[in-house]
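The structure appears right after this line, and notes come after that.
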Amino acid sequence: MTNYKDIFLYAILIIVLFTASQHLNVVVSGSMEPVFYRGDIVIVEKTNFFGFHEFDPHDVKVGDIVVYNAVWHNSPVVHRIVNITEINGTTYYEIKGDNNQRSDPYYVSPEQIQERVLTFNDQPLIIPKLGYITIILRGY
């Protein structure tokens, strides 16, 4: 006979694992070295996680590391906010990879920001090197 307690526990485990996996982002370049490296996984909070707003992209500040949809790149970019400016009453962010010589080519609107890297004692939460599995499987 099926044990409903076991089914319930498996369902909870699946929900927890799914939720956790949605809050991990694999680093695919060296643009943020030495803070984190290609193949590291950063732990993030989301602007919209199935209707839950874990943070407001209008509330990010200089120094925050965000994941945003770049108009100049075909996949999300993980870089640091280095300046906040207003143009015609609209807030925009200047964003740059720590290991890059220049800021990203275009200002970023709050609507482009999808995730923010979580920190503890001002250090980003990272799982080192485990992301190489995804990099290899996806061919990055």
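The values are calculated or read from the model by the stated rules, or taken from the named source; none is laboratory data. This is a predicted model, so every value here is computed, not measured. No Cβ is skipped: glycine too gets one built from the backbone with ideal geometry, and neighbour counts run over all protein chains shown. Each accessible area value is taken on the protein alone, full model and side chains, heavy atoms only, with ligands, DNA and RNA left out. Shrake-Rupley method; radii C 1.70, N 1.55, O 1.52, S 1.80 Å.
Once the Cα atoms are used to define both axes, helix 4-21 deviates from the longest principal axis of the chain by about 10 degrees. Among residues other than residue 47 whose Cβ falls under 10 Å from its Cβ, what is the net charge (Lys/Arg +1, Asp/Glu -1)? Here the charged neighbours net out to -3. Phi-derived couplings, Karplus 6.51 cos²θ - 1.76 cosθ + 1.60 at θ = phi - 60°, listed residue by residue for region 120-131: 9, 6, 6, 10, x, 7, 10, 10, x, 6, 5, x Hz, with x used for Gly and Pro. Calculated accessible area for region 1-132 comes out at 63 Å² per residue, all protein chains present (probe 1.4 Å; ligands, DNA, RNA ignored). Within the accessible surface of region 65-140, defined with a 1.4 Å probe on protein heavy atoms only, the carbon and sulfur portion equals 49 percent. Dividing the radius of gyration of the alpha carbons in region 1-65 by their Kirkwood radius gives 1.16 for Rg/Rh. Mean projected area of the Cα convex hull of region 59-140, taken over all directions, amounts to 6.4 nm².
A full extension of the chain between residue 136 and residue 100 corresponds to an added length of 10.5 nm, given 0.36 nm per residue minus the alpha carbon distance. Here is the list for region 33-140: trypsin sites (Lys or Arg not before Pro) lying in DSSP coil, each with at most 13 other C-beta atoms within 10 angstrom of its C-beta, are 61, 102, 129.
Taking one quarter of the surface of the convex hull spanned by the alpha-carbon atoms of the chain gives a direction-averaged projected area of 11.0 nm².
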